[in-house]
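What follows is a short report on a single structure.
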Amino acid sequence: MNLLLLNHELLVLALALGLLLVDLWLPLPAKRKLGYVAAIGVGLILLYSLFCVKLPSGQPVQYAFGQMYALDPLALFFKRFFLLAALIVLLMSVEFADRITAGISEFYALILIALLGMLFASSANDFALLFVSMELITVTFYVLTSFQRARVTSLEAGVKYLIIGALSTAFTVFGIALVYGISHTLNFGQLSSVAAQFGGNPIFLFGLVFVLVGLGFKIVAFPFQIWAPDVYQGAPTPVTAFLAIGSKAAGFALLLRVLFIAVPNITAHWSNLLIIISGFSILYGNLCAIPQRNLKRLLGYSSIAHAGYMLLGVAALSADGRSAVLYYLSGYLFTVLAAFTVICLVLRQADGEDLSGLAGLHRRAPLLAAALTLAMASLAGIPPLAGFFGKFLLLKAVIAQAPLQPGYYCLAFTALAGVVISLYYYFGVVRAIYWADDPTDLSPILISKPIRISIYACLAGMLYLGLFPSCMLDLATQAVKLLR
Amino acid sequence: MSPLTYIIGWPFFAAILLLLVPRNFRPVLRAVAILATFISAVLALKMFLQFHTGALGYQFEQQIPWVTRLGISYHVGVDGINVGLILMGAIVAFASACVSWEIKERDKEFYILLLVMTGGILGAFASLDLFFFYFFHELALVPTFIMIGVWGRGEQKNYATFQITLYLSIGALIALIGLIALYLQAGANTFDIPELAKHIREHPLATGAQNFIFPLLLFGFGILVSLWPFHTWAPLGYASAPTATAMLHAGVLKKFGLYGLIRIALPLLPQAAQHWTPILAWLCLGNLVYCGWVAMRQKDFNRLIGYSSVAHMGFVFLGIATLNVIGVTGAVLVMIAHGFLAALTFGLSGYLYQQTGTLQIDRLGGLLRRLPFIGGALMMAAFAGCGLPGFANFAGEITVFFGAWKVFPVVTVLACWGALIIGAVYMLRAIRALLHGPLPDQWAGVADAHFWRKVPFILLLACLLLFGCFPRLLTDKIVPSVKENAVVILLNR
């Protein structure tokens, strides 16, 4: 057993527990600042990960806990991804702290614990760890979602998330039981060598499909998307942001591992299933987003559509497709976090997340207006931002498979229709910022220094990934090399 | 560094510079925009003059690897086909920056978008890489939508913005799928157009794949160029657009689709081209005759010239459909001529709108008395639009007809009669209604353009006349490139 492989997880755990301990001795007004401590801690862990953690070149995968836990390029990619996301979410939480009446330190600590779950998820090489890490994330989010106890919408969101989350957990655990019952193993490595012989076994396949249901819930894909708009709308904004990027990316990390490490032989026959899920997610998310007036709800629907776009890369069943998913996720990280940071700063009233609240933003805070505009443009896939190149890669991966299976052409055209539809509501947001008729509130918005830096970082990330994709594409390609 | 990089780069650089200029420095904003487009135009002219006529291959090339894994590189270069288009684009961009004095509010954003659009257009025409070809076009397209949405005019502004965004995005994305499919089918792992062409010459694509990709490109690009029956966005869109946007889009950006057909679809998918061009020839009649017919019934002058610009695209489609050297050369010539012409007519109609606040033909009249220069220029533009000898359009259209006669005699006859006569009817009727007859009292106060405002119109007219009297300036450059580029298909015609 090699405990040192878990250094990311151990450090984050220590940080979370340390935060809770320090909280006991801190006076109330200082507690808000603990978020900066947490953010600095996460930042240091990220730096440590970037500069000190290297996989030995001869041995790309290292295992711990009897092959339950794997540290490979894919895991490392996702761990850095989650650390960066958590860093920005924590900075956002400090801005949000005045809207949380009690237990702000616990709020920060819970974010760190959700991060811990994501870090484990990125390394899961076993159905048991998959389940545990998923539950760690989901249960933490039940609490985080309903953290604003005084707000009915927040509580409502928490309950909705709890009920549907519990249902999907039941599916997952049932599926795992079926898979184990047939194959007598939970380990992905062992499963991959025996899965081929169960390809015709309906119980085994049912088990896998049930696991997919649970993962579909996490990535917010059709038809498991029903919770997303309500929860996105009701949850505190930093939580929504973390849900939109962290939880979704964790779902994708697990999905990639299950599909392409545990049962690659079976996945090869599932192109139609994946095409259908992807296509319907794109259409459902985009069509339902059109009439939305609440910005967070709109982003909830857009999140469904984006899960569909990313599933394009999974459905392509090729290395190019998988690296495109990772590339798209990285672009999505900066884009979504920029958008939610702006929402967190601008739309302060609990139920005032209506688009009209953005009116006159370009006069109140030009930086925030520009950030939200660029985020919307990137989500819509307009050059030269990250979303454009990401969508290009995904489309390319899908069209590359099309000569083998014409269904991929249908999928490509569905994605195209989705992009065109999405232009409408993304530009609706931009229009609400710049061309609303009667801005009522023209008071300038104070932007603290840390949040300013994080917005600049998000903008730089969006532009860098759009203008110089080479570096990230290499990283993504390296990361998916071990998937089959 | 290739001069092309400077030609593309100046507008982008100026756009970034404008971000730093405070918004109340209005003369500075305008000066920077005009200066940047002027520099681009001068550099484009210099490149045009230095262009080695008759030499094979691309000139002024520059290549910088961008994503080596996918074979994408920033690769610019010109041959006879795009050297004239870039010159035309840069001059029109300068003219449209000049006429933008009409923009009174949010002018900082307007000029930034105008410069981004200019850079994108010139980049799209200069790119020899499929990815950047598309990338630059998208970059130019988005500002178009925003400009129409924000600074547009008329009651139907929002509807027009919505319509043009929807149509052009769908067109661009269909073309994108076609381009990606082409890249993947070629299997050369490169987006570089010359390399792709070389690879495909050695290993032609299977006919099935060609027949699938060609319609994607044809209709994707066709929507962008307002090919009948996908033209409905154009007249309303141009009628609602601010003057500069209409000039740049109708004049230059729209030619992107045609350029894509000539540069990519014909040489890389030759068998499919032969299969699909007869259909294109009949569709182009829809542009020439049907849209001309519709133009006759228009009550709004801007809509009329919008329809006339759709109609003129029919000549280019016919030229492309011939698949022979004469026809394709004529098509390129019409593209350049129509660029100047569309910019001129939209610029003049924009001036009229500024002065009168309406372009309803029946409400105007007798304006030539008050506007000797603008009226005179408008008359010349109308003559050029009818295809009068002496203007560049005549040279292009007659070349197209010469090329098309052998291949599609019926279509050519219909096109000649339909397009030229109908064109003359609606143009001359509009001129009579606008410029002649009694002058209504309410327009007694309109003023003619002073010297500086005349500059862009004089420049565009001069170009029309220059290339009309000396079309060899262009054809000598175009012909060898067309022969070289499309060598595969032209052998059997």
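In deg cm²/dmol and to the nearest 500, what is the mean residue ellipticity at 222 nm of the protein assembly as shown if only DSSP H runs of at least 4 residues count, each as -39500 (n - 2.57), divided by the residue total?
Details: 45 runs with 699 residues, N = 977.
Calculated from helices alone, the mean residue ellipticity at 222 nm is -23500 deg cm²/dmol.
Per-residue shielding of B:66-74, expressed as the average number of other chain Cβ atoms within 10 Å of the residue Cβ, stands at 4. Relative contact order, whole percent, for the stretch B:3-484 stands at 16, derived from Cα pairs under 8 Å and 6 or more residues apart.
Taking amide H atoms as placed 1.01 Å from N in the peptide plane, the amide H of B:Gly437 lies under 5 Å from those of B:Gly366, each 5 or more residues away in sequence or on another chain. Spatially, the stretch B:233-309 and the stretch A:411-484 are offset by 33 Å when compared through their Cα centroids.
Taking GluC sites (Glu not before Pro) in DSSP loop conformation with at most 12 other Cβ atoms inside 10 Å as exposed sites, chain B has its longest uninterrupted site-free stretch at B:156-493. Note on the stretch B:3-484: dipole from Cβ charges, positive end direction compared against B:Leu184, B:Ile326, B:Ala44; the farthest Cα belongs to B:Ala44.
Loop-located trypsin sites (Lys or Arg not before Pro) across the stretch B:294-394 with a Cβ neighbour count of 12 or fewer within 10 Å are B:Arg297, B:Lys299, with loop assigned by DSSP.
In order along the stretch A:36-45, phi translates into HN-Hα couplings of 5, 4, 4, 5, 5, x, 4, x, 5, 5 Hz, rounded to whole numbers, per the Karplus curve 6.51 cos²θ - 1.76 cosθ + 1.60 with θ = phi - 60° and x for Gly and Pro. Accessible surface area normalised per residue over the protein assembly as shown is 34 Å², counting heavy atoms of protein chains with a 1.4 Å rolling probe. What is the local net charge at B:Ile86, summed over the other residues whose Cβ is closer than 14 Å to its Cβ (Lys, Arg +1; Asp, Glu -1)? Result for the local shell: +2. Here the convex hull built on the C-alpha positions of the stretch A:1-104 has a volume of 109 cubic angstrom per residue. Which one, B:Leu368, B:Phe110, A:Phe65, is farthest towards the positive end of the dipole of the protein assembly as shown when Lys and Arg carry +1 and Asp and Glu -1 on their Cβ? It is B:Leu368, whose Cα lies furthest towards the positive end.
Taking label points 7 Å from Cα along the Cα-to-Cβ direction, B:Glu155 and B:Asp448 give a separation of 3.6 nm. Peptide B:169-181 has a mean of 5 when you count, residue by residue, the C-beta atoms of other protein chains within 10 Å of its C-beta. Please give the helix B:130-151 orientation as an angle from the longest Cα principal axis of chain B, in degrees from 0 to 90, rounded to the nearest 10. That helix lies at roughly 20 degrees to the long axis.
Peptide packing for B:243-251, B:91-99, B:453-461, B:2-10 was compared via the average number of neighbouring C-beta atoms within 10 Å per residue; ordered from the highest value, the list is B:243-251, B:91-99, B:2-10, B:453-461.
For the pair A:Gln59 and A:Trp435, what calculated FRET efficiency results from E = 1/(1 + (r/R0)^6), where r is the Cβ-Cβ distance and R0 = 35 Å, to the nearest 0.05?
Working: r = 58 Å, r/R0 = 1.64.
Calculated value: 0.05.
What number, in percent, do you get for the relative contact order of the stretch A:238-335 if the mean sequence gap of Cα pairs under 8 Å and at least 6 apart is divided by its residue count?
27
In this Cβ point-charge picture (+1 for Lys and Arg, -1 for Asp and Glu), the protein assembly as shown has a dipole of about 1100 debye about its Cα centre.
Interface A-B: total buried accessible area of about 2900 Å², 1.4 Å probe, protein heavy atoms only.
From the alpha carbon centroid of the stretch A:343-390 to that of the stretch B:64-120 is 27 Å.
Please get the size of the charge dipole for chain B, origin at its Cα centre, with Cβ charges of +1 on Lys and Arg and -1 on Asp and Glu, quoted in debye to the nearest 20.
Values: 30 positive and 19 negative charges, 160 e Å.
The dipole magnitude comes to about 780 debye.
Can you tally the net charge around B:Gly77? Count Lys and Arg as +1, Asp and Glu as -1, for every other residue whose Cβ sits under 15 Å from the Cβ of B:Gly77. Walk me through the intermediate numbers first.
Values: positive: B:Lys198, B:Arg263, B:Lys477; negative: B:Glu61, B:Asp79, B:Asp129, B:Asp192, B:Glu195, B:Glu484.
Neighbour charge sum, excluding B:Gly77 itself: -3.
The amide H of A:Phe65, built 1.01 Å from its N in the peptide plane, has A:Asn2 as neighbours under 5 Å, considering only residues 5 or more places off or on other chains.
Highest mean packing first, where packing is the average number of other Cβ atoms within 10 Å per residue, the peptides B:320-327, B:63-70, A:132-139, A:119-126 line up as A:119-126, B:320-327, A:132-139, B:63-70.
For the stretch B:370-459, a crude dipole built from +1 on the beta carbon of Lys and Arg and -1 on the beta carbon of Asp and Glu, taken about the Cα centre, is about 40 debye to the nearest 20.
Place +1 on the Cβ of every Lys and Arg and -1 on the Cβ of every Asp and Glu in chain A, take the dipole about the Cα centre, and give the residue among A:Ala338, A:Leu11, A:Pro202 whose Cα lies farthest towards its positive end. My answer, from the dipole projection, is A:Ala338. The trypsin sites (Lys or Arg not before Pro) found in the stretch A:277-351 that occupy coil by DSSP, while having at most 15 further C-beta atoms within 10 Å, are A:Arg293. Shown for the stretch A:326-402: the carbon plus sulfur share of the solvent-accessible area, taken with all protein chains present and a 1.4 angstrom probe, equals 58%. When the other protein chains are added to the chain by itself, burial of at least 40 square angstrom of heavy-atom accessible area (probe 1.4 Å, ligands and nucleic acids ignored) affects these residues of the stretch A:370-399: A:Pro383, A:Phe388, A:Phe389, A:Phe392, A:Leu395, A:Lys396, A:Ile399. Taking the longest Cα principal axis of chain B as reference, the axis of helix B:3-20 is set at about 50 degrees.
Round to the nearest 10 and give me the degree value, 0 to 90, for the angle of helix B:451-469's Cα axis relative to the longest principal axis of chain B. Helix B:451-469 and the main axis of chain B meet at about 40 degrees.
Look at where the Cα atoms of the stretch A:296-324 and of the stretch A:232-288 average out, and the two centres are 7 Å apart.
Calculate what fraction, in whole %, of the accessible area of chain B sits on carbon and sulfur atoms when a 1.4 Å probe is rolled over the protein chains.
Details: 11000 of 16510 Å².
It is 67 percent, rounded to a whole number.
Rounded to a whole number of µm²/s, how large is the Stokes-Einstein D of the stretch A:76-172 at 20 °C and 1.002 mPa s, given Rh as the Kirkwood radius over C-alpha pairs?
On the way: Rh = 14.3 Å.
Rounded, D is 150 µm²/s.
For the stretch A:14-21, backbone phi angles converted through the Karplus equation (6.51, -1.76, 1.60; θ = phi - 60°) give residue-by-residue couplings of 4, 4, 5, 5, x, 4, 5, 5 Hz, Gly and Pro being listed as x.
The value of relative contact order for chain A, using C-alpha pairs under 8 Å at least six residues apart, is 15 percent.
Local charge sum around B:Gly366 (other residues, Cβ-Cβ under 11 Å, Lys/Arg +1, Asp/Glu -1)?
Net local charge, B:Gly366 excluded: +2.
Around the amide H of B:Trp66, modelled in the peptide plane, lie the amide H atoms of B:Ile72, B:Ser73, B:Tyr74, all under 5 Å away and 5 or more residues distant in sequence or on another chain.
3J(HN,Hα) along the stretch A:107-121: 4, 4, 5, 5, 4, 5, 6, 4, 4, 4, x, 5, 4, 5, 4 Hz, from the Karplus curve 6.51 cos²θ - 1.76 cosθ + 1.60 with θ = phi - 60°, whole Hz, x for Gly and Pro.
If you take each beta carbon of peptide B:183-194 and count the beta carbons of other chains within 10 angstrom, what is the mean? If you can, show how the numbers build up before the last one.
On the way: counts 3, 7, 4, 0, 0, 0, 0, 0, 0, 0, 0, 0.
Neighbouring Cβ atoms belonging to other protein chains average 1 per residue here.
The values are calculated or read from the model by the stated rules, or taken from the named source; none is laboratory data. Predicted model, so just to flag it, every value in this text is computed and none were measured. Methodologically, a virtual Cβ is constructed for each residue, glycine included, from the backbone with ideal geometry; neighbour enumeration extends over all protein chains shown. Only protein heavy atoms, including side chains, enter the accessible area calculation; ligands, DNA and RNA are left aside. Shrake-Rupley method; radii C 1.70, N 1.55, O 1.52, S 1.80 Å.
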